[in-house]
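Derivation of every value follows stated rules applied to the coordinates shown; laboratory data play no part. What you see is a predicted model; the values in this text were computed from it and never measured. Using ideal geometry, Cβ is built from the backbone for each residue, glycine included, and neighbour counts are taken over all protein chains shown.
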Amino acid sequence: MKSLNAIDPTPEQIKAFLGESSPDKPVYMLNLLKFKEHATYKDGEAVSGETAYGRYADAFSKMLKDLNIEGTETVFSGKAKHSLIGSGDWDAVAIVRYPNAQTMFNTVSSESYRKIHYHRKAGLEGQLLISCETSGLF
């Protein structure tokens, strides 16, 4: 199975995400993150991609508090260590819970988000972002 390591969703992915998600169920976003060795800030600031992404994560957390977006939280975040099954070259993993898919989409489409997004772009080489719903599967 081949993975596509990207930065932004395609219009088709957004349409499927919003169209196939339940409006009354929380959505969990599984983030597999790969950082640039050196961040690519327009001003040339010399920091690692991980540092730049850390700035984004801190600003995102503050933004959620400032906007009082209820039911949104980072459930887990940590460094990716070893692949025990399959293969992949990821630096970090995060799971973020939103009350529903529309709230997630509205959050990352907001003016507040656009003001902090440059840290994410400066630090990320790419990621996989997978939406998950609770369904009692296991």
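Numbers for the structure displayed
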quantity	calculated
Convex hull volume of the range 16-82 per residue (C-alpha atoms, cubic angstrom)	155
Candidates Leu84, Leu33, Leu67, ranked by Gaussian network fluctuation over the chain, Cα under 10 Å, top entry	Leu84
Shape parameters for the chain, alpha-carbon atoms, Rg then Dmax in Å	15.3, 49
Most mobile listed residue (Ile69, Ile85, Ile14) in the chain, GNM with C-alpha springs under 10 Å	Ile85
Exposed GluC sites (Glu not before Pro) absent - longest run of the chain, DSSP non-H/G/I/E/B, at most 16 other C-beta within 10 Å	71-138
Cβ-based exposure ranking for His82, His117, in which fewest neighbours within 10 Å come first	His82, His117
Phi-based couplings in Hz for the range 116-128 (Karplus 6.51, -1.76, 1.60; Gly and Pro marked x)	10, 4, 4, 5, 4, 5, 5, x, 8, 7, x, 7, 10
Coil-residue trypsin sites (Lys or Arg not before Pro) of the range 35-137, DSSP, other Cβ within 10 Å capped at 13	Lys42, Lys81
The chain - charge dipole about Cα centre, Lys and Arg +1 at Cβ, Asp and Glu -1, debye rounded to 20	120
Normalised contact order of the chain, rounded percent, pairs of Cα under 8 Å and 6 or more residues apart	45
Given Lys42/Lys62; Lys62/Lys121; Lys34/Lys62; Lys65/Lys115; Lys25/Lys121; Lys36/Lys115, the pairs whose alpha carbons are separated by over 27 Å	Lys25/Lys121
Most mobile of Pro26, Pro11, Pro99 in a GNM of the chain (Cα contacts under 10 Å)	Pro11
Sites Leu18 and Asn68 - FRET efficiency at Förster radius 22 Å, r taken between beta-carbons, to 0.05	0.45
Quotient of Cα Rg and 2.2 N^0.38 Å for the range 71-129, N being how many residues it contains	1.33
